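The values are calculated or read from the model by the stated rules, or taken from the named source; none is laboratory data. All of these numbers come straight from a predicted model, not from anything done at the bench. We place every Cβ from the backbone using ideal geometry, glycine too, and count neighbours over all the protein chains shown.
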Amino acid sequence: MATNSLADLIAALPEGDGWGPPPVTETTLNGVPYAPFSKGDKLGRMADWTADSKDGRDGRGGRQQYNRNFRDQQIYGAGSAQLFTAPVAEDENTFSVVSREPTKTRYGRGAVFTRGRGQRGARQDTRGGRVQLQRSGRTGQQSYGYDSRGGRSNAPRGRRFGWKDYDKPTRNRDASINIKPDWHLLEEIDFNRLAKLNLDADEGEDMDSYGFLYYYDRSYDKQPVKAAEKRLVPIDRAAYNVTTSSDPVIQELAEKEEAAIFATDSILSMLMCSTRSVYPWDIVIVKQGNKVFLDKRDNAALDMVTVNENAADAPMESSDGNKDGINHPAALAEEATYINHNFANQVVLENENQKVEMAHENPFYNASEETEPPASKAYKYRRFDLSTSEEDPMYLIVRTELDAVQKNAISGEDQFLTVKALNEFDSKAQGSGGALDWRTKLVSQRGAVVATEMKNNSVKLARWTVQSILSKADVMKLGFVSRANPKSNDKHVILGVIGWKPKDFANQMNLSLSNGWGIVRTIADMCLKREDGKFVLVKDPNKSILRLYEVPAGSFDDEGEDDTVPETVAEED
């Protein structure tokens, strides 16, 4: 048999035949689409042991991470994946994402880190040329600043930001009042909603005035030298803080139907500045007919002067790890209240021949019963229009207070003053809020000292400013009182006094009175639409929320120990 050549065998094959499967043009196999073969495709791994594990034990890929960043492109048929991509609809071309969550990193959410000046965790602010070092923990945040224009950072060197922040205890504060089971929750309002309320009120009108005022001693305006620092002297004078419904003047005005809402400046300022508050407090509201009385309980939390309530790292209780007993929030509040009472009595010139008498005598002072002379105090009862329309008139009467009077240096006319005092306990202690040393910085860096106090005591200063505006005071005097020895809280010295116009100070603090009036009108409307009774407005001790409860009649007539808890910060058991 003759052997044919390969060429003869190929020539003998029918036309169209050849080695391998016949050529096809279809892209389906039994109706199921498949990817055509491509020589550029590579066979991937059936099992990838270098991938990230769920428990994180091999999250870095180990020694076997063979080209793991491109392993998704090594799968067979990956080059034809676009054949199975669904076409994009025309109307989706204009779609864009308007909000995107920042990527989580192991340093924190959306954290940005740069290197510079030997500090770890520096965050660059491109708007002002400042570098801020931030430390966040469960107890708050603390920030330090470096001014690139030649300033100096007050951040401690070598600080490891975040070191043992996880080990700090959570601040759990007790409410200012125990919530009873028979109290009915009516409303729950968060601070974000309260901040959006606005109501424009008038400048107010004087209804009546009581008491008298001594003249202010201008020598306190001069910065004393260290050798001649003026000590704070305890001066016993009869001062009163009568609640709204117990005020005989307000009772008389209520009988005459002069207004629908009645309050004192202390209670009203707490409500108007509620969105700045951190510590717990409560206000008792009594609704009688078409009238609402904003009251307080005896020894209420809002009577105390808090210290560094708004500081990022506020003073801690002993249960939180604070071993310094005189720097607890309760002790600091008692000290600040004591300072304010005595400071206002000390900075006036008690001269019976030179004082300003109001239209009536002090309504609370009884010479036959009191053993101490009355303090320099004037009570002005002023009315404000909170109406939203002429068809729905709404008026509020508030008892305001003035502390002193002084002669205008230019015109010689009398100017009414409110006198308050800020106090420094220890600039190096926990809870000081990064405050500067007043003895060395109050003269040279007065603006920085005041700015720090605005940050650390936002709610306290806002309340004082609101009270000054409500009373129509011409000047608000702020004293700076410090301990004679940081380790003792019973002796103090007066380092200086600064005066501001209340409205100018409000602008510096971004304090909106229209927002405060909106809060007052909203809370009053909540109570006016209900039946006569008693209500309690409670600030949540640990959240930025106000809760309005309806309480049974006579709930606070005979207050016992079970009704109240310590007004300041405490840790829950």
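When Asp414 is tested against (1) touching a Ser or Thr at 6+ places or on another chain (Cβ under 6 Å); (2) acidic (Asp, Glu); (3) under 30 Å from Lys355 (Cα atoms), just one condition goes unmet, and that condition is (1). Considering the range 445-473, the residues that are touching a residue at least 24 places away in the same chain (Cβ under 8 Å) and hydroxyl-bearing (Ser, Thr, Tyr) include one that is surrounded by the most Cβ atoms within 10 Å (Cβ to Cβ), namely Ser468. Can we say Lys164 is at pLDDT 50 or above, under 31 Å from the mean Cα position of the chain (by Cα) and basic (Lys, Arg)? So Lys164 fails the test. Among residues of the range 264-299 being touching a strand residue (DSSP E or B) at 6+ places or on another chain (Cβ under 7 Å) and part of a loop (DSSP other than H, G, I, E, B), the one that is nearest to Tyr395 (Cα to Cα) is Lys296. Within the range 244-263, residues that are within 11 Å of Pro363 (Cβ to Cβ) have Cβ atoms under 7 Å from residues that are surrounded by 15 or more Cβ atoms within 10 Å (Cβ to Cβ) and hydrophobic (A, V, I, L, M, F, W, C) in these pairs: Ile250/Phe262; Ile250/Ile397, counting only partners at least 6 apart in sequence or on another chain.
So in the range 340-356, with the set limited to residues that are out of contact with any helix residue (DSSP H, G or I) (no Cβ under 7 Å at 6 or more places or on another chain) and part of a loop (DSSP other than H, G, I, E, B), which one is nearest to Gly496 (Cα to Cα)?
Within the range 340-356, the first condition is being out of contact with any helix residue (DSSP H, G or I) (no Cβ under 7 Å at 6 or more places or on another chain), and the residues that meet it are 340-346, 348-356.
Imposing the further condition that a residue be part of a loop (DSSP other than H, G, I, E, B) reduces the set to 350-354.
Numbers: Glu350: 20, Asn351: 23, Glu352: 26, Asn353: 27, Gln354: 24 Å.
Selected residue: Glu350.
Within the range 495-513, one or more residues are β-branched (Val, Ile, Thr) and outside any helix (DSSP H, G or I). The lone criterion from (1) within 28 Å of the chain's Cα centre (by Cα); (2) modelled with pLDDT under 90 left unmet by Glu390 is number (1). Any idea which residue in the range 395-413 is surrounded by the most Cβ atoms within 10 Å (Cβ to Cβ), counting only those that are farther than 22 Å from Met272 by Cβ and either of a type outside the set (A, V, I, L, M, F, W, C) or modelled with pLDDT of 95 or more (or both)? Here the residue is Ala404. Looking across the range 343-364 at every residue that is polar (S, T, N, Q) and buried (at least 17 other Cβ atoms within 10 Å of the Cβ), the one that is farthest from the chain's Cα centre (by Cα) is identified as Asn362.
Would you mind stating whether Leu442 is modelled with pLDDT of 90 or more, among the hydrophobic types (A, V, I, L, M, F, W, C) and within 28 Å of the chain's Cα centre (by Cα)? No.
Does Val286 satisfy being closer than 22 Å to Arg193 by Cα, hydrophobic (A, V, I, L, M, F, W, C), surrounded by fewer than 23 Cβ atoms within 10 Å (Cβ to Cβ) and touching a helix residue (DSSP H, G or I) at 6+ places or on another chain (Cβ under 9 Å)? The answer is no for Val286. Just a yes or no: is a residue in the range 474-487 within 20 Å of Ala300 (Cβ to Cβ), buried (at least 19 other Cβ atoms within 10 Å of the Cβ) and not polar (S, T, N, Q)? The answer is no; no qualifying residue exists.
The residue that is nearest to Ser274 (Cα to Cα), counting only those in the range 518-543 that are among the acidic types (Asp, Glu) and not in a helix (DSSP H, G or I), is Asp540. Could you look through the range 365-394, keep only residues that are of a type in the set (Phe, Trp, Tyr) and under 21 Å from Val405 (Cα atoms), and pick out the one that is surrounded by the most Cβ atoms within 10 Å (Cβ to Cβ)? That would be Tyr379. When each of Ala367, Ala375 is tested for being of a type outside the set (S, T, N, Q), closer than 30 Å to Ala254 by Cα and free of Cβ contacts under 8 Å to residues at least 12 places away in the same chain, the lone residue that passes is Ala367.
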